[in-house]
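A.B. asks: Input: one structure, supplied below.
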Amino acid sequence: TSAQIGVTGLAVMGRNLARNFARNGYTVAVHNRTVARTKALVEEFGSEGDFIGTETAEEFVAALERPRRLVIMVKAGGPTDAVIEEFAPLLEPGDMIIDGGNAHFADTRRREKALREQGIHFVGMGVSGGEEGALHGPSIMPGGPKESYDSLGPMLEKISAKAKDGAPCVTHVGPDGAGHFVKMVHNGIEYADMQLIGEAYQLLRDVAGYSPAEIAEIFRTWNQGRLDSYLIEITAEVLSHVDAATGKPFVDVVVDQAEQKGTGRWTVQIALDLGVPVSGIAEAVFARSLSGHAGLREASQGLAGPKAAPLGKEEAAAFADRVEQALYASKIVSYTQGFHEIAAGSEEYGWDVDLGAVSAIWRGGCIIRAAFLDRIRAAYDARADLPSLLSDETFAREIADAQDDWREVVIAGVRQGVPTPGFSAALAYYDALRASRLPAALTQGQRDFFGAHTYRRVDREGAFHTLWGGDRSEVSA
Ligand code: 6PG
């Protein structure tokens, strides 16, 4: 017998993905640098389906039916290159290497190009949903050559999560690095969602005066409405959890320094390169890094500012409703920014990414899965060339309804000294977009003053320069 698919790299994500394929009836060849891991998988989970345990790279490759489909699930960066270098010489034209790690899309582009020259199809594949998703159905974002999807797609559709309407949460996102790019932005949005939820929590705690257990209940209620999502659901779980050792709320015994593995940062770095304002995602990344500067925070403990005074019971409940509005409006802005970045990446690299299809495959399996994504899909269904999510009538109306509360929440945070970088940045973005005039005109004047950088006029075509150091007359540049 030979295997329809192979997985090398059997840490938890690789192991669970291999099990998912096997549970869906595929024969799966498995391989790991440390053979003990391969043996452990086959021993522990062999009854779930057909596994072929292999020890060497040669054995692994020989176990695969042709054209071979070889999934690598190792650390992004050097380890991924090392595995590709190990296997590529053993493969034949038409074979497929599928990288299911969180690779940087630029690396994926480079690898795809190099392997294409050898006739090997390289598929950079974003996989979201953590360990559970990998096992029970992730959201899958494959890029790479379109023809690879003809044979790989049906298998991925089988193992992927299914949206509520039954549609598999996978699509061919676009050529070369498109899949990993979209996965990167997914993670950037994940960071923003988490930051906004964090701000809502802190406002409910410090401004409204609720306990973590009470806030968990509020999130549970929100999860019944338009904020229905995996991240809101697990937030309620985390907030209601009590530490066994101390009897304190779990959230109070965890060190408040957030870590990151890099995909959120990449989202912002690439957005800077593409010139896309992803201020909400950037604030989320900066908030994590600020939290990690323990010494700086320690040294700042004495700085002046208001001390939040909790609200009375009735006001607190009314405030909680406002926070829900602020969170929802800010979430619309984060997704607006994230989809703008995908559109810009698609344009820059000629990927032709279907934004509606991306929102559709994020409806299930992934960390940002949410009822909300159905609405984004509906927005793109209604108008495929939507310039921005904020141009969608439904979202525009919802923000119009939310904005008074949104502003009040930001004001409350400012007044009471509770930082809301995500809510505030989202609101600033919204107000900047709707402003008829921006101070960018003044910026242009300053640039022309100190560097003769020139400016355009509202009433005439062309580039102009004012002779600032002379008689201040205007010349054509
Ligand atoms: C997913 C997640 C996952 C990511 C973690 C950790 O979609 O399943 O995005 O890919 O590794 O969320 O990210 P940080 O360590 O950067 O928070």
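Computed from the coordinates by the stated procedures, all read-outs in this text should not be read as laboratory data. Remember, predicted model here, so these are calculated numbers, not experimental data. Cβ: placed from backbone, ideal geometry, glycine included. Neighbour counts: every protein chain shown.
A.B. asks: Nearest 10 degrees, 0 to 90: what angle lies between the long axis of helix 279-292 and the longest principal axis of the chain (Cα atoms)?
C.D. replies: So the helix axis and the longest Cα principal axis differ by about 80 degrees.
A.B. asks: As a test of the formula, what do you get for the chain when each DSSP H run with n ≥ 4 contributes -39,500 (n - 2.57) and the sum is divided by the residue count, at 222 nm and rounded to the nearest 500 deg cm²/dmol?
C.D. replies: Helices in the chain give a 222 nm mean residue ellipticity of -17500 deg cm²/dmol.
A.B. asks: Quick one: helix 421-434 against the long Cα principal axis of the chain, what's the angle to the nearest 10°, folded into 0 to 90?
C.D. replies: 70 degrees
A.B. asks: Using +1 at the C-beta of Lys and Arg and -1 at the C-beta of Asp and Glu, which of Ser240, Gln202, Gln118 has the Cα lying farthest in the positive direction of the dipole of the chain?
C.D. replies: Gln202
A.B. asks: In debye, nearest 20: dipole of region 101-236 around its Cα centre with unit charges on the Cβ of K, R (+) and D, E (-)?
C.D. replies: That gives region 101-236 a dipole magnitude of about 420 debye.
A.B. asks: May I pose another question? With a sphere of radius 11 Å drawn around the Cβ of Gly174, what net charge do the other residues whose Cβ falls strictly inside it have (Lys, Arg +1; Asp, Glu -1)?
C.D. replies: With Lys, Arg at +1 and Asp, Glu at -1, the net is -2.
A.B. asks: Also, quick follow-up: Would you work out the charge dipole size for region 173-285 about its Cα centre, treating the Cβ of every Lys and Arg as +1 and the Cβ of every Asp and Glu as -1, and quote it to the nearest 20 debye?
C.D. replies: That gives a dipole near 160 debye.
A.B. asks: Something else: Taking the Cβ-Cβ separation of Glu131 and Asp374 as r and a Förster radius of 35 Å, what is the calculated FRET efficiency to the nearest 0.05?
C.D. replies: 0.85
A.B. asks: So, R0 is 51 Å and r is the distance between the beta-carbons of Ala452 and Val254; what FRET efficiency does that work out to, to 0.05?
C.D. replies: Step by step, r from the Cβ atoms, then E = 0.40.
A.B. asks: On to the next question. So how strong a dipole does the chain carry about its Cα centre when Lys and Arg Cβ are +1 and Asp and Glu Cβ are -1, to the nearest 20 debye?
C.D. replies: The calculation lands at about 400 debye.
A.B. asks: Moving on. Could the peptides 146-156, 368-378 be put in order, highest first, of the mean number of other beta-carbon atoms found within 10 Å of their residues?
C.D. replies: Packing proxy ranking, top to bottom: 368-378, 146-156.
A.B. asks: Pop the C-beta distance of Glu157 and Asp228 into the FRET formula with R0 = 30 Å and round what comes out to the nearest 0.05.
C.D. replies: Efficiency, rounded to the nearest 0.05: 0.75.
A.B. asks: Still on this structure, please answer the following. Points 7 angstrom from Cα along the Cβ direction at Arg220 and Gln269: gap in nanometres?
C.D. replies: Output for this residue pair reads 4.2 nm.
A.B. asks: Rounded to whole Å, give me the distance from the Cα center of region 251-290 to that of region 405-421.
C.D. replies: 21 Å
A.B. asks: Counting other C-beta atoms within 10 Å, which of Ser346, Ser391, Ser473 has the fewest, and how do the rest follow?
C.D. replies: Ser473, Ser391, Ser346
A.B. asks: Measuring from centroid to centroid over Cα atoms, what is the spacing of region 71-92 and region 166-228 in Å?
C.D. replies: Using only Cα atoms to place each centre, the spacing works out to 33 Å.
A.B. asks: Next up: What residues have an amide H closer than 5 Å to that of Asp99, excluding those fewer than 5 places away on the same chain, when H is modeled at 1.01 Å from N in the peptide plane?
C.D. replies: For Asp99, the qualifying residues are Ile72, Val123, Gly124, Met125.
A.B. asks: Give me the one-decimal Kirkwood hydrodynamic radius in Å for the chain, with the sum taken over alpha-carbon pairs.
C.D. replies: Evaluated over the chain, this radius sits at 24.6 Å.
A.B. asks: Ok, one more. Need one number: nm distance between label points at Ala245 and Asp321, each 7 Å from Cα along Cα→Cβ, rounded to one decimal.
C.D. replies: A separation of 4.2 nm, rounded to one decimal place.
A.B. asks: Expressed as an acute angle from 0 to 90° and rounded to the nearest 10, what is the orientation of the C-alpha long axis of helix 313-349 relative to the principal long axis of the chain?
C.D. replies: Between the helix axis and the principal axis of the chain, the angle is about 60 degrees.
A.B. asks: What nm distance separates the two modelled labels at Ala382 and Lys261, each placed 7 Å from Cα along Cα→Cβ?
C.D. replies: 3.7 nm
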